[in-house]
Amino acid sequence: MGFVVVVVFISALILMCLKRRKDRYYLVKAITFALIASVIANISLYHNYTQSLVPGLYDGISISNVVAYRFFPDHSWSTELFKRRYNQSIVVSVILLIFSIGLYLMERFKGKKI
C-alpha cells in the first residue's frame, strides 16, 4: 500500500510541475510515470508469485523482493493472495496504458479536424 501512495504522490508532483511549465503533454507524462511504476510493481509481484510456486525453495512461503513486500500485510500470506495481487496489478497496468495512449491521442489531435 505504501508503494501505491508514493507513486500517486510523485505522479501528482510531476503533474503540478509540468502544468506550471505549460508543458503540452503534462498529463500524459504524469500518467506514463505511474504506468512505469505499475509495470515495475507488476514484475515484482510476478516474481514473488512464481517464487511461491516452487516447492522447497524456502522454508514456508515468503515475499521475495522489497517492492512486493509493500503490497501484502504481515500475515495471511498464500499463493492465492500472491496470484490475486499479481492479476490486479496487470489490470491496473493495462488501464493505465490505455488511459495514457488515449490522453496522448487526444492531446495530439486537439484542435485538428479528423
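The values are calculated or read from the model by the stated rules, or taken from the named source; none is laboratory data. A quick note: this is a predicted structure, and the numbers were derived from the prediction, not measured. Every residue, glycine among them, receives a Cβ derived from its backbone with ideal geometry; neighbour counts consider all protein chains shown.
Restricting attention to the range 47-86, which residues are without any contact (Cβ under 8 Å) to a residue 12 or more places away in the chain, surrounded by 12 or more Cβ atoms within 10 Å (Cβ to Cβ) and in a helix (DSSP H, G or I)?
Matches in the range 47-86: Thr50, Tyr69, Leu81, Arg84.
Picking from Ser89, Ser62, which residue would you name as being modelled with pLDDT under 85 and among the small types (Gly, Ala, Ser)? I'd like the intermediate steps shown before the answer.
Working: Ser89 fails: modelled with pLDDT under 85.
Answer to the selection: Ser62.
State whether one or more residues within the range 73-84 are within 15 Å of the chain's Cα centre (by Cα), among the basic types (Lys, Arg) and modelled with pLDDT under 85. Can you show your working first?
Filtering the range 73-84 for residues within 15 Å of the chain's Cα centre (by Cα) gives 84.
Imposing the further condition that a residue be among the basic types (Lys, Arg) reduces the set to 84.
Applying the additional criterion that residues be modelled with pLDDT under 85 yields none.
Within the range 73-84, not a single residue is within 15 Å of the chain's Cα centre (by Cα), among the basic types (Lys, Arg) and modelled with pLDDT under 85.
I'm trying to understand the selection: among the residues of the range 87-104, which are in contact (Cβ under 8 Å) with a residue 60 or more places away in the chain and within 11 Å of the chain's Cα centre (by Cα)? Let's see the steps before the verdict.
Start the filter on the range 87-104 by keeping residues that are in contact (Cβ under 8 Å) with a residue 60 or more places away in the chain, which leaves 96-97, 99-100, 103-104.
Scanning the range 87-104 gives Leu96, Leu97.
Go through the range 18-32 and count every residue that is over 13 Å from Ile101 (Cα atoms) and in a helix (DSSP H, G or I).
Result for the range 18-32: 4.
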